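**Q** Here you go, one structure.
Bear in mind these aren't lab numbers, they're just calculated from the coordinates by the rules spelled out. Since the model is a prediction, treat every value here as computed from it, not as a measurement. With ideal geometry, Cβ positions are generated from the backbone for all residues, glycine too; neighbour counts draw on all protein chains shown.
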Amino acid sequence: MNSLSEFIALLEEQQELIRIHALVSPILEITEVADRVMKSPHGGKALLFENNGTDFALLINAFGSEKRMKSVLRSQHYDTVPNELMSLAKLLMGKQMRNNKKLKLLPQIIRKAGYFPTSSKGKAACQQVVFDNPDLSKLPIMQCWPHDGGRFITLPIVLTQHPETGVRNAGMYRMQVFDEKTTGMHWHMHKGGAAHYRAYKKLRKKMPVAVILGGDPLYTYAATAPLPDGIDEFIMTGFLRRKKVRFVKCLTQAISVPEDADIVIEGYIDPDEALRTEGPFGDHTGVYSLPDEYPVFHVTCITHRKNAVYPSTIVGVPPMEDEYMALATERIFVHALKMMHPEISDIYLPSYGVAHNLVFIKMTTDYPGHALKIMHALLGNGQMMFAKVIVCVPESFNFSNFPYYLQAIISQIDMHTDVHISMGPADVLDHAAYKMAQSGKILIDATQTSNNPTDNNDEVLFNKIAGYDCCVFGNIVVAAITPHEAPSFGDIAATIHQLQPNAKLIAVVNSGVEKLSPYLQAWYVLNSIDPGYDCLIQNNCLYVNAQIKSKTNDNFNRDWPNIVSMNESIINKIDKEWSDIIGCDLIPSPSSRVTHLLSGYSAVYNHKTSSES
């Protein structure tokens, strides 16, 4: 696939695409349509908005199903993708292999080198149309959510090179449009692009940057993949598609881009320039990431192929399109973890854990503390350092029955001996961390649990316990209170525990959370805790403070964000126009599930409004 147009043709052939001819605005309206479709069973269809007020069609939810992700990866099975590469890596890294045996592998290495990136001369397809006087407003850049700071490019592949080593990095960093020629560059401190930026800053040199949109959809996936630092994402791309990526020089910057990209935005960042406020943005955690300071990207040229398609995505309360990209990463990169830690047989990152909040590890254990050793090792391994909760279970454990498997784990562990709390780095987007980019970790050794500890007959019950509205599921209790108009969370949990002595986990939440589905309750609780401050173990029960925090009541010195949700006027508009847009039965707005949890009308949660309501 050499362009999004070719990918779109494939999706149509597979009946995985809906073409939308009605006029739908990139300002909030496309989000509301896409969000309804993304949360459909199995991810819904990809959507091509052909009439959005610009000359470019907009493709969204292209990665939002297992079938489409496997098409991107050119494989019918996730597990077959990395096998060849992993087997070669094992041979090359094997301690018992002598150099003469490694020399025998040279033919294989040379064949694989045929997939390494190469350069082309002259203009390429991505430069068929050139805007010397660039204007970002010509692209259908979306404002995704009501309290976003503006329009954001959400699927950019940002290309940078280290100024001394020349090592290339491709990262996906959202870009807020400030005006027709400048954007923010939202790369976090842990990312490869930020490391290159620091290197240029040290040398006091302007940093050439190229942003590509579209082309082979595998480029987009590769930019999200958790590759080791210094590994060129386009090497992996060449291996996976069995065809090298050809690069062409940009017209205005000393950097190259894949010649088959749909759209290229050339520009630079001046490390001596003051940072600029970027955000808020409705993020993949399901809440707004709040304003912060980031570098300014200056656009010097925009080029594109004829009939280029603009790719976009939205993130928010799960499940979303990114669930399927994360699933592909889970299935592919588990092989690398198994190679480093043979005890590991599998991993599972449930979508309600939004990638870093919850990680399950299937493993074998040979001695006491084995699981703890593995969990600590994983916290020192790349992006796994952001994991908030890690749970080790036996190889035979079955994750097919949610939420019963959570109850199975909770019911069988000893909270005093099997649960360990430590500290470590946190994702910059973890709004619940008391200290930005640093948070507590919960490590749970559940390797002695069995698959079917209950008859799976427990139902979700709603009861009044000690005067609090509670959702009870077996030995798990979610207790809802009015914000900060009650004793400490520990006292509340202890009081409930006296009346519910079989409880093993009691989560104290704000009023309204108990009304969510079990899936969204799990998302909300995991999203709202810093285990270093918010977890307490008493009487073989884990007490969890998943309330909204404030400076006054919790000494929490950060603003708490509102949940990402669409406004009523856009919901009503799309309701009325739904049949003309999609031509199928109305899908209700997913925002209706969470709007009762909002407080105030901004990206920041309004504690005063909440306490008065």
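**Q** Over all directions, what mean area does the Cα convex hull of region 226-346 project, stated in square nanometres?
**A** Numbers: hull surface 44.1 nm².
Seen from a random direction, the Cα hull of region 226-346 projects 11.0 nm² on average.
**Q** Considering only DSSP states other than H, G, I, E and B, which chymotrypsin sites (Phe, Trp or Tyr not before Pro) in region 229-279 qualify as loop sites with at most 13 other Cβ atoms within 10 Å?
**A** Numbers: sites: 234, 239, 247, 268; in loops: none.
Answer in residue order: no site qualifies.
**Q** Let me have the relative contact order for region 335-375, percent, based on Cα pairs under 8 Å that are six or more residues apart. Present the calculation step by step, with values, prior to reporting the outcome.
**A** Details: 35 pairs, mean separation 13.7, N = 41.
RCO, region 335-375: 33 percent.
**Q** Out of all DSSP beta bridges with both ends in the chain, state the antiparallel percent to the nearest 5. All intermediate terms of the calculation are to be shown ahead of the outcome.
**A** Numbers: 71 of 101 bridges.
Taking every DSSP beta bridge with both residues in the chain, the antiparallel ones total about 70 percent.
**Q** Once each part is reduced to its C-alpha centroid, what is the distance from region 496-516 to region 517-568 in angstrom?
**A** 13 Å
**Q** Hey, which lysines would be in cross-link range of residue 249, C-alpha to C-alpha under 29 Å, not counting anything within fewer than 8 residues on its own chain?
**A** Counting by Cα, and skipping residues close in sequence, residue 249 has these lysines nearby: 112, 121, 123, 138, 181, 191, 201, 202, 205, 206, 306.
**Q** Here is a follow-up. Can you flag which of 435/549; 39/67; 45/243 are past 18 Å Cα-Cα? Show your work: numbers first, answer last.
**A** Values: 435/549 13 Å; 39/67 16 Å; 45/243 28 Å.
Pairs exceeding the cut-off: 45/243.
**Q** Then there's this: Taking H as built 1.01 Å from N, whose amide H comes closer than 5 Å to the amide H of residue 209, not counting residues under 5 places away?
**A** Hits under the 5 Å cutoff: 267, 268, 269.
**Q** Give me P(r) over region 520-610, computed from all C-alpha to C-alpha distances, binned every 5 Å, as integer percentages.
**A** In order of increasing distance, the bins hold 2, 11, 17, 18, 15, 11, 10, 7, 5, 4, 1, 0 percent.
**Q** Report, in deg cm²/dmol and to the nearest 500, the calculated mean residue ellipticity at 222 nm for the chain, where each DSSP H run with n ≥ 4 adds -39500 (n - 2.57) and the sum is divided by the residue count. Can you show the working numbers first?
**A** Numbers: 19 runs with 172 residues, N = 613.
Value at 222 nm, helices only: -8000 deg cm²/dmol.
**Q** About the Cα centre of the chain, what is the dipole size in debye to 20, counting +1 per Lys and Arg Cβ and -1 per Asp and Glu Cβ, all else neutral? List each step's numbers first, then the result.
**A** Working: 56 positive and 63 negative charges, 551 e Å.
Taking the Cα centre of the chain as origin, the dipole is about 2640 debye.
**Q** In square nanometres and to one decimal, what's the mean projected area of the convex hull around the Cα atoms of region 568-612? Kindly include the intermediate steps, with their values, before the conclusion.
**A** On the way: hull surface 15.4 nm².
If I average the Cα hull's projected area over directions, I get 3.9 nm².
**Q** With an 8 Å Cα cut-off and a minimum separation of 6 or more residues, compute the relative contact order for region 456-613 in percent. List each step's numbers first, then the result.
**A** Details: 209 pairs, mean separation 27.3, N = 158.
17 percent.
**Q** In addition: Using mean Cβ contacts within 10 Å as the protection proxy, how do 343-352, 207-216 order, highest first? Could the numbers behind the result be given before it?
**A** Values: 343-352: 19.4, 207-216: 25.3.
Descending packing order for the listed peptides: 207-216, 343-352.
**Q** Still on this structure, please answer the following. Report ³J(HN,Hα) in whole Hz for each residue of region 245-254, in order, from the Karplus equation J = 6.51 cos²θ - 1.76 cosθ + 1.60 where θ = phi - 60°; Gly and Pro get x.
**A** Along region 245-254, the couplings run 8, 9, 9, 10, 5, 5, 7, 10, 9, 7 Hz.
**Q** For region 322-445, go through all pairs of different Cα atoms, get the mean of 1/r, take its inverse, and jot down that Kirkwood value in Å. Could you put the intermediate results ahead of the total?
**A** Working: mean 1/r = 0.0669 Å⁻¹.
So the Kirkwood estimate lands at 14.9 Å.
**Q** Ok, one more. Between rounded, prolate and oblate, where does region 115-311 land on the alpha carbon gyration tensor, with a ≥ b ≥ c its root eigenvalues, rounded for a/c under 1.5, else prolate if a/b exceeds b/c?
**A** Values: a/c = 1.36, a/b = 1.24, b/c = 1.10.
Here region 115-311 falls in the rounded category.
**Q** Once you keep just the Cα pairs under 8 angstrom separated by 6 or more residues, what percentage relative contact order results for the chain? Show your work: numbers first, answer last.
**A** On the way: 1281 pairs, mean separation 82.4, N = 613.
Relative contact order for the chain comes out at 13 percent.
**Q** Just to confirm my numbers, what's the Cα centroid distance between region 135-182 and region 296-312 in Å?
**A** Using only Cα atoms to place each centre, the spacing works out to 10 Å.
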